[in-house]
Amino acid sequence: MITVENLSIHYGNLAAVRDVSLDIPEGKITAVVGPSGCGKSSFLASLNRLTDLIPGAKVAGEIRLNGKSDIVNDPGLDLLELRRTVGMVFQKPNPFPLSIRKNFELPLLEHGISKREIPGRIESTLREVGLWDEISDRLDESAENLSGGQQQRLCIARALALRPKVILFDEPCSALDPLASGVVEDHIAALRGKVTVVIVTHNLAQARRIADEVALFWVRDGAGCVIETGPANTIFDRPKDPDAALYFSGARG
Amino acid sequence: MIGGAARLSRNDRLLGAAGGFAALVVLVGFGAIVFDLFQTGTASLSIPFLVGKVENGGRAGGIGPVLISTGMILLVCLAVALPLGTGCAIWLSEFASKIRFARAITAGIDLLASVPSIVFGLFGMVFFCRTLGLGFSITSGGLTLACMILPIVIRTTLIGLSGAPSNLRPGAAALGLSRVSTIRHLLLPVAIPGVVVGTTLGISRALAETAALIFTSGYATRWPEGFDDSGRAISVHIYDLAMNVPGGAANAAASALVLLLALLFINYLATLLADRWLLKRIAPTSE
């Protein structure tokens, strides 16, 4: 379970996210939806402290993973370990410009997985995303030769290989064609119960299909905030906020 | 072809003709230099010329000691400039983004690149030869050249690093890769072609350098006895033969020809190495 309390993110003087509090349940799929520019991706990046990479980004508030140390403020936090525990898959597939095998070896060796263990991990995670039968005979070829959908599944497998507790997805299907998008979505849905999934998506239909919980971000007073949260089976039909009602009905956003 | 089969407009034809003429002028100019060198120099060019000692002020004998001195100067220069230059570029690109001081350093590096070589020569003479007590020596010359090519190496490495795909760094960070691994396994391979280009440009500039070396490594024509010995670089030799030694024109041309061929070879080698490296990156780990 991830507990977010009073989270604010600033880029210089510009507030991207203000005062967001949210509980993300363990083992479930939580969809973060909302119009462009409402701070969804910034919010996601704060969960594994990838906000550190953005010059001028300042994060305030609290984020706790299973009640343990605060991701935002704890000075003794092991960032590399945090990012092993909280994996991330990006909008555009980003395999390293190396062989498929090296794409796994690099992070696995970094986190102290022995060389003997690696082939087994590669096979099991590639099977989990349905890639093993497609690419098992060309592990030493460049990962960049794979199709877009295969690359994205490779990135999911690469994150899974580190045995994370949480995986963050930042619009993982929006750069893919509809068929590949469907396959990737199915594999994300299959993660339910195994890891905690937080997925940012613009696609409300996708959120309806795979999410257990939904958080709707909106821009209020020039900064992103959460205006509606709830279980996926009720939030779309009975939103309390008037903007949320218009957004879910397709009239706004 | 732009515009396909359609007739080109008058302006387009004019631009094409002007461009072609400019290219021709450059080609003819370069051709004339090479032709002249071949004509005056080929007669003296031989194996004994390449390995023989300098005799009669360079009019007779060969350029053996000069080639050895040049190689040793280059060795010192690269041994210092390459690690220092790539290290500095990596720091500027990967670690210094939040430090305001880094901007001043980058500006300083660009300024350094435009300093005339004679100034480097004077600096080298004062600092390396006198202050550090290295005297007129191959080491002093090499270090002076290193200062001179440092901006080139840093700039090209920076360009190489900035050519890394923008999603590489966040991707690596999101997998919990340390900065050291990210640089070593992902960014440096991307930057290598840039480093190779920088090194080649640096070598070319170093080999062609006269002004910075006359005051630092000197112009002794004997076989160098070590890095602390004075030694004449090939461009200094050419300059001396052409300007100060009556009857030295033929050997000056032959030496220039050797320099030209060496530069062409180094350029070819650099391209080859860069291509090789790109291929190797895909192959499985050998560690």
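Just name the residue that is surrounded by the most Cβ atoms within 10 Å (Cβ to Cβ) out of those in segment A:138-158 that are in a helix (DSSP H, G or I) and more than 14 Å from chain B (Cβ to nearest Cβ).
My answer is A:Arg153.
Based on what the data block shows, is B:Trp277 within 14 Å of chain A (Cβ to nearest Cβ) and aromatic (Phe, Trp, Tyr)?
Working: within 14 Å of chain A (Cβ to nearest Cβ): yes; aromatic (Phe, Trp, Tyr): yes.
Here the answer is yes, as B:Trp277 does meet what is asked.
Condition check: closer than 27 Å to A:Ser174 by Cα and more than 11 Å from chain B (Cβ to nearest Cβ). Does A:Ser114 satisfy that? Before the answer, list the steps.
Working: closer than 27 Å to A:Ser174 by Cα: no; more than 11 Å from chain B (Cβ to nearest Cβ): yes.
It is false that A:Ser114 is closer than 27 Å to A:Ser174 by Cα and more than 11 Å from chain B (Cβ to nearest Cβ).
Give the residue, chosen from A:Ile227, A:Ile210, that is more than 16 Å from A:Pro35 (Cβ to Cβ) and touching a residue at least 12 places away in the same chain (Cβ under 8 Å). Give the derivation first.
On the way: A:Ile227 fails: more than 16 Å from A:Pro35 (Cβ to Cβ).
The conditions single out A:Ile210.
Take B:Ala250 and decide whether it is surrounded by fewer than 17 Cβ atoms within 10 Å (Cβ to Cβ), out of contact with any His (no Cβ under 9 Å at 6 or more places or on another chain) and not β-branched (Val, Ile, Thr). It would help to see each step written out before you state the result.
Numbers: surrounded by fewer than 17 Cβ atoms within 10 Å (Cβ to Cβ): yes; out of contact with any His (no Cβ under 9 Å at 6 or more places or on another chain): yes; not β-branched (Val, Ile, Thr): yes.
Spelling it out, B:Ala250 is indeed surrounded by fewer than 17 Cβ atoms within 10 Å (Cβ to Cβ), out of contact with any His (no Cβ under 9 Å at 6 or more places or on another chain) and not β-branched (Val, Ile, Thr).
How many of the residues making up segment A:185-201 are open to solvent by 40 Å² or more (accessible area, probe 1.4 Å) and either free of Cβ contacts under 8 Å to residues at least 12 places away in the same chain or under 13 Å from the mean Cα position of the chain (by Cα) (or both)?
Summing the residues that are open to solvent by 40 Å² or more (accessible area, probe 1.4 Å) and either free of Cβ contacts under 8 Å to residues at least 12 places away in the same chain or under 13 Å from the mean Cα position of the chain (by Cα) (or both) in segment A:185-201 gives 1.
Give the residue, chosen from B:Gly198, B:Gly163, B:Gly176, B:Gly194, that is within 14 Å of another protein chain (Cβ to nearest Cβ) and open to solvent by less than 30 Å² (accessible area, probe 1.4 Å).
Numbers: B:Gly198 fails: within 14 Å of another protein chain (Cβ to nearest Cβ); B:Gly163 fails: open to solvent by less than 30 Å² (accessible area, probe 1.4 Å); B:Gly194 fails: within 14 Å of another protein chain (Cβ to nearest Cβ).
Of B:Gly198, B:Gly163, B:Gly176, B:Gly194, the one residue that is within 14 Å of another protein chain (Cβ to nearest Cβ) and open to solvent by less than 30 Å² (accessible area, probe 1.4 Å) is B:Gly176.
Please go through (1) closer than 26 Å to B:Ser230 by Cα; (2) surrounded by 13 or more Cβ atoms within 10 Å (Cβ to Cβ) for B:Gly133 and return the number of the only condition it doesn't satisfy.
(2)
With the structure loaded, tell me whether B:Gly171 is open to solvent by less than 30 Å² (accessible area, probe 1.4 Å) and more than 14 Å from chain A (Cβ to nearest Cβ) or whether it fails that test.
no
Test A:Arg101 against the stated conditions and say whether it is free of Cβ contacts under 8 Å to residues at least 40 places away in the same chain, assigned to a helix (DSSP H, G or I), facing another protein chain (nearest Cβ under 8 Å) and open to solvent by less than 40 Å² (accessible area, probe 1.4 Å).
No: the conditions fail for A:Arg101.
Exactly one condition in (1) over 25 Å from A:Asp237 (Cα atoms); (2) in contact with a Pro (Cβ under 8 Å, 6 or more places away or on another chain) is not met by A:Leu191; state its number.
So A:Leu191 meets the others, but not (2).
Which one is surrounded by the fewest Cβ atoms within 10 Å (Cβ to Cβ) among residues in segment B:253-287 that are hydroxyl-bearing (Ser, Thr, Tyr) and modelled with pLDDT under 90?
So the residue we want is B:Ser286.
If B:Pro116 passes every condition in (1) surrounded by 13 or more Cβ atoms within 10 Å (Cβ to Cβ); (2) more than 30 Å from A:Glu144 (Cβ to Cβ) but one, which one does it miss?
(1)
Inspect segment B:184-191 for any residue being within 12 Å of another protein chain (Cβ to nearest Cβ), crowded, with 19+ Cβ neighbours inside 10 Å, on the phi > 0 side of the Ramachandran plot and free of Cβ contacts under 8 Å to residues at least 40 places away in the same chain and give the result as yes or no.
No - not one qualifying residue is present in segment B:184-191.
Every residue, every condition in (1) modelled with pLDDT of 95 or more; (2) under 24 Å from A:Ala31 (Cβ atoms); (3) touching a Phe, Trp or Tyr at 6+ places or on another chain (Cβ under 9 Å), yes or no:
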| residue | (1), (2), (3) |
| --- | --- |
| A:Leu126 | yes, no, yes |
| A:Arg138 | no, no, no |
| A:Leu162 | yes, yes, no |
| A:Phe169 | yes, yes, yes |
| A:Ala180 | no, yes, no |
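Limited to segment A:59-71, what total is found for residues that are open to solvent by less than 50 Å² (accessible area, probe 1.4 Å) and either modelled with pLDDT under 90 or within 7 Å of chain B (Cβ to nearest Cβ) (or both)?
Residues in segment A:59-71 being open to solvent by less than 50 Å² (accessible area, probe 1.4 Å) and either modelled with pLDDT under 90 or within 7 Å of chain B (Cβ to nearest Cβ) (or both): 2 in total.
Exactly one of (1) in contact (Cβ under 8 Å) with a residue 12 or more places away in the chain; (2) within 14 Å of another protein chain (Cβ to nearest Cβ) is unmet by A:Asp78. Its number?
Answer for A:Asp78: the failing condition is (1).
Test each condition in (1) within 14 Å of another protein chain (Cβ to nearest Cβ); (2) open to solvent by less than 40 Å² (accessible area, probe 1.4 Å); (3) among the basic types (Lys, Arg); (4) out of contact with any helix residue (DSSP H, G or I) (no Cβ under 8 Å at 6 or more places or on another chain) for A:Arg83 and report the one that comes out false.
Result: A:Arg83 passes all but (4).
The values are calculated or read from the model by the stated rules, or taken from the named source; none is laboratory data. These numbers come from a predicted model, not from an experiment. Heads up, the Cβs are rebuilt from the backbone with ideal geometry, glycines too, and the neighbour counts pull from every protein chain shown. Just the protein is used for accessible areas: all its heavy atoms, side chains included, with ligands, DNA and RNA removed. Shrake-Rupley method; radii C 1.70, N 1.55, O 1.52, S 1.80 Å.
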